[in-house]
Amino acid sequence: MDGSGLALCLLAAVFCLFWTPSAGLKTLHLGSCVITTNLQEMRNGFSEIRDRVLAEDEIIDVRILRKMVSLQDTEPAGQCCLLRHVLRLYLDKVFKNYQTPDHHILRKLSSLANSFLTIKKDLRLCLKPREAVVKALGELDILLRWMEEAE
């Protein structure tokens, strides 16, 4: 192989090395928060265990998250805060309380939890504690109305 062919091969190898890790990186603009994460890596990790986890779900008529509702349906000012709270739910309740003897599933969930933790650290605090309490009390009527409509 001549010098130019070797240089081209080296250039291609370097390009592949630097391009591949960032291929799945996505920048999310959530109101005033901007985060960069590898959503494809998280999706791939979950897809490996999804069927086994879903096979355990015996409550098929209840959904926690609906496909129709998305962060885009939330006002831009609230997107960052909403995602932060959803991630906290998964980190504090879901990942910590899921039990299985399957070590492969546990490793994948641990990887997802670490990704969620990294994203959560990048999100700024939504409101100061006092402001959050006042906001929640001020919107209590929305919660009560939502509960009444669920009858």
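The values are calculated or read from the model by the stated rules, or taken from the named source; none is laboratory data. Since the model is a prediction, treat every value here as computed from it, not as a measurement. As a convention, Cβ positions derive from the backbone with ideal geometry for all residues, glycine included, and neighbour counts pool all protein chains shown.
For every residue, the table says whether it meets (1) under 16 Å from ALA113 (Cα atoms); (2) free of Cβ contacts under 8 Å to residues at least 24 places away in the same chain; (3) touching a Pro at 6+ places or on another chain (Cβ under 8 Å); (4) part of a strand (DSSP E or B).
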residue: LYS26; (1), (2), (3), (4): no, yes, no, yes
residue: GLN40; (1), (2), (3), (4): yes, yes, no, no
residue: GLY45; (1), (2), (3), (4): yes, no, no, no
residue: LEU65; (1), (2), (3), (4): no, yes, no, no
residue: CYS81; (1), (2), (3), (4): no, no, no, no
residue: LEU87; (1), (2), (3), (4): yes, no, no, no
residue: LYS93; (1), (2), (3), (4): yes, yes, no, no
residue: PRO101; (1), (2), (3), (4): no, yes, no, no
Review point. What do you reckon, is ILE35 free of Cβ contacts under 8 Å to residues at least 24 places away in the same chain, of a type outside the set (D, E, K, R) and not in a helix (DSSP H, G or I)?
Key: no
Review point. Only one residue in ARG130, ARG66, ARG107, ARG88 is basic (Lys, Arg) and modelled with pLDDT under 80. Which one?
Key: ARG66
Point to revise | Odd one out for SER110, checked against (1) more than 19 Å from THR74 (Cα to Cα); (2) in contact (Cβ under 8 Å) with a residue 60 or more places away in the chain | key: (2)
